[in-house]
Every structure is written in C-alpha cells, then in structure tokens.
Amino acid sequence: MKHRNVLFVIAVLVLSLAILPAASAETIKIGAILAVTGPASFLGGPEARTLEMLAEQTNAAGGINGQKVELIIKDSGANPEKAISFAKQLIEEEKVVAVLGPSTSGETMKIKKIFEEEGTPLVSCAAAEVIVNPVAQYVFKTPQKDSYAAQKIFETMKTLGISKIAVLAGNTGFGKAGKEQLLKLAPEMGIAVVEAEVYDAKSTDLSAVVAKIKANKDVQAVVNWSIVPAQAIVAKNMRQAGWDVPLFQSHGFGNIKYVEAAGAAAEGIIFPAGRLLVAEQLPAGHPQKALLMAYIAAYEGKYKEAASTFGGHAYDAYIVAKAAIEKAGTDKAKIRDEIEKIKNLPGTGGIFSFSADDHNGLDIDSFEMITVKDGQFVPYEGM
C-alpha cells in the first residue's frame, strides 16, 4: 500500500512538472520602470497609463502570438537607486523578456550596464543621447536625439537673426546631456553661447540665475534644458523680471501641464517635439496622422486628460518591443536582434528605422517646431 502511495505521489509530481512550463508560457512578461510618482510623475504617469492601456488592447485582441501580455510596472519615483533594484528584480525574479523605461535619463544611465550584462532588451523612454551613443548592444530609446533637438532650435534662431544666446540647464542627467550638445553644436551653427548656467532642478525660485544672465546685454535669446518644475519657473522668473527675449525649451516640454504650470509666462515659448502635439493640423495623408489621432482618442477617452509626448514615448517603446516579440518570440537575444531590424515603423515620435549603429531609429525630420499660443500648442510659423 505504501509502495502504491509513493508511486502515486511521484506520478502527481511528474505530471505537475510537465504542466508548469505550459502554464508559465501562457503570458509574456514585459517589465517597466517608470516615475509614476515623485518629481518626474508628469513623465512617468502618462507613460504608465499608456502602457496599461496598450497591454489591455493587446490582450483584448488575443495577445502576442496567442499569448497574453503580463505588464509589470515598477514605480521608481525617478530614484536611480530604486531603478537599479527594480531592474535586477524584473530580470532575475520576474524573468521578463524586455523592460520599457525608465522615465528619466539619469535612471537609464545607471541601469544600462545591468541590461548589457544580463542580455535583456531595454527600451528607454528617456531622451539623453548618451543613452544610445555610443551604442550599447541591448539598450534602445524612443525619444528623439538631443543633438537633433539642439540643431532644430539653432536653425529656428538663425531665421530670427539670433546669434548670441544664454544656455540654462538643470543639474540632471537630461540637463547635463542637453547642455553638452548645445555647447558642442552652437559654433557649428554660427551661434555664440555668451552665458551658460547650471541650476538645481528642484529649485522653486530661479530669479537669481535669470538676473545673472539678463545682466549680459548681448543675450538675444535663452535656451532652457530641464524638466518640470524648472521649465515653468524659468519662464515665470524671466517674465517677472520684465525680460521678453525669446525663450526656447528642450523637447522635454511636451506636456500641456507644463504650460498650465507656467500660466501666462508660457506664451510664446518655442520648442522642438514630435507631431503628437499638433496631430490635428497634419495633412490627411501623413504617415503618422491616423496612429496619432487613434492614440489621442483612446488615451483621452480613457483617462480624461490630454495626451503628451511622454505618454507617446512609452507608446513607441511598447510597439517597438511588441513588433520584435511578434517575430522573435520570447528569446531575449532574438528580440534584441529583431528591434535592430525594424524599419519604417510609424510611432508617435516619428517613423522608426533601427540598425546596428542606430538604437534610436529617428532622424531630425521627426521633430516639429512648436510654440504656445493662447495656452495651447500650435505649429511654430515664425515671429
């Protein structure tokens, strides 16, 4: 009798082990590290909501290759140390096939090495060009390059006869990377940087910094490269000082909440961004228009808030990963290979074409110059 019981137990164990792989294969685990709360929540909040919406849509349509997507979002609060911990947890414990995010450049730079060592694809939603330059084998990003943003700003300045500028940057990874590109490209574009200041990105008053650069009478325009709340504070402090030179912001300004935070001081701000913010004004045959309008309608219908370029970066990260998984299955090395093979994939930020040498996949034409008029984003058409 005991012998039969032992055989029965063994049979049950064998059967259980045979079933387990099939059960685990029912879902495809995709991780995300996003600043859902904290100082960068204007980035991470829309990103998380976008990913949740897309995963729901994918699963409602039958999943990827018949397997449901299991989206695992970790809220880093824009803390690089938390991002490191979550990266290890998602790879080692959750066994995800890819990770989307983080929201910020500083976090992304802190975890790049982990993804290279573990052979897991990372598709960042952060903008700094150093994330993908030089190329890291398993690391990609969806926001447009800093150098292209700087180039578009300088091209616009030249049409306005601006040749001498001040550069302001927050002391974040994004701010540092942007300042480097501005200082590098300015001489090539015939622009002289006569003032350059770095400030605490958490500051609530930047009037002293504004007063310092305003004292230089050669300054014809200001470029501010930072994230919230400094974007709004710089604008307010400049207008409070009675300084009405043109204010250019980075491609990190693409959320209408930043305009709302700056109030009347946001009027006239000029910045480069993807076409999401001006989707309605695009011609009917534009290759991005249908996708952009569908995303805006779905997001705003579901969440009752305006879509932003930040949610768009997450949208693009998701469709890039999804396109690769559809062809590669769940083999992480093959997913990486398939991302590099993606060509002419319409996204919110542009038309993506990756390669072994380009892990961003966008060119300078992915940018539009945009301005704020009557509290809304509109295409910039000159002053």
The stretch 280-339: trypsin sites (Lys or Arg not before Pro) in DSSP coil with no more than 14 other Cβ atoms inside 10 Å: LYS304
Taking one equal scatterer on every alpha-carbon of the stretch 227-344, how large is log10 of I(q)/I(0) by Debye at q = 0.17 1/Å? -0.94
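Give the calculated FRET efficiency between GLU52 and SER85 to the nearest 0.05, with a Förster radius of 30 Å applied to their Cβ-Cβ distance.
For R0 = 30 Å, the calculated efficiency reads 0.85.
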Just from the alpha-carbon atoms, what are the Rg and Dmax of the chain in angstroms? 22.9, 98
For the stretch 175-291, count all C-alpha to C-alpha pairs, find those more than 17 Å apart, and express that count as a whole percent of the total. 59 percent
Among the Cα-Cα pairs of the stretch 293-383, the proportion with separation greater than 15 Å, in percent, is 68 percent
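When ranked by the protection proxy of mean other Cβ atoms within 10 Å per residue, highest first, what sequence do the peptides 53-59, 70-76 form?
For the peptides 53-59, 70-76, the packing ranking is 70-76, 53-59.
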Between 0 and 90 degrees, rounded to the nearest ten: what's the tilt of helix 105-118 against the longest Cα principal axis of the chain? 30 degrees
Shape call for the stretch 31-111 from the C-alpha gyration tensor, a ≥ b ≥ c root eigenvalues: rounded (a/c under 1.5), prolate (a/b greater than b/c) or oblate? oblate
Would you mind telling me which residue in GLY161, GLY44, GLY252 has the biggest mean-square fluctuation in a Gaussian network model of the chain, where springs connect alpha carbons within a distance under 10 angstrom? GLY161
Over the stretch 109-184, what portion of Cα pair distances is larger than 18 Å, expressed as a whole percent? 47 percent
Among TYR315, TYR138, what is the fewest-to-most ranking by other Cβ atoms within 10 Å? TYR138, TYR315
Below 8 Å between Cα atoms, with a sequence gap of 6+, how large is the relative contact order for the chain in percent? 17 percent
Take the chain, connect every pair of alpha-carbon atoms lying under 10 Å apart with a spring to form a Gaussian network, then pick out the residue of GLY101, GLY175, GLY62 with the largest mean-square fluctuation. GLY62
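Return the inverse of the average 1/r over all pairs of distinct C-alpha atoms in the stretch 99-251, which is the Kirkwood hydrodynamic radius, in Å to one decimal.
Working: mean 1/r = 0.0619 Å⁻¹.
This gives a value of 16.1 Å.
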Stretch gain in nm, segment TRP243-ILE351, where the contour uses 0.36 nm per residue and the Cα spacing is subtracted: 35.0 nm
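Mind checking the dipole of the chain: about its Cα centre, +1 per Lys or Arg Cβ, -1 per Asp or Glu Cβ, Debye to the nearest 20? Intermediate results must be reported in sequence, preceding the final value.
Working: 39 positive and 43 negative charges, 109 e Å.
Computed about the Cα centre, the dipole is about 520 debye.
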Sparsely packed GluC sites (Glu not before Pro) within the stretch 285-383, loop by DSSP, other Cβ within 10 Å at most 16: GLU305, GLU381
With unit charges on the beta carbons (Lys and Arg positive, Asp and Glu negative) and the dipole taken about the Cα centre of the stretch 110-237, which residue among PRO229, ALA127, GLN181 sits farthest to the positive side? PRO229
In whole angstrom, note down how far apart the Cα centers of the stretch 327-357 and the stretch 37-92 are. 19 Å
CD proxy at 222 nm, helix term only [per DSSP H run n ≥ 4: -39500 (n - 2.57); per residue of the chain; nearest 500]: -13500 deg cm²/dmol
Where is the GNM fluctuation largest for the chain (alpha-carbon springs, 10 angstrom cutoff): ALA83, ALA60, ALA232? ALA60
Shape verdict for the stretch 81-133, please, from the Cα gyration tensor: rounded (a/c under 1.5), prolate (a/b greater than b/c) or oblate. prolate
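Bear in mind that the values in this text are calculations on the coordinates, not laboratory data. For clarity, every value in this text was computed on a predicted model and none was experimentally measured. Using ideal geometry, Cβ is built from the backbone for each residue, glycine included, and neighbour counts are taken over all protein chains shown.
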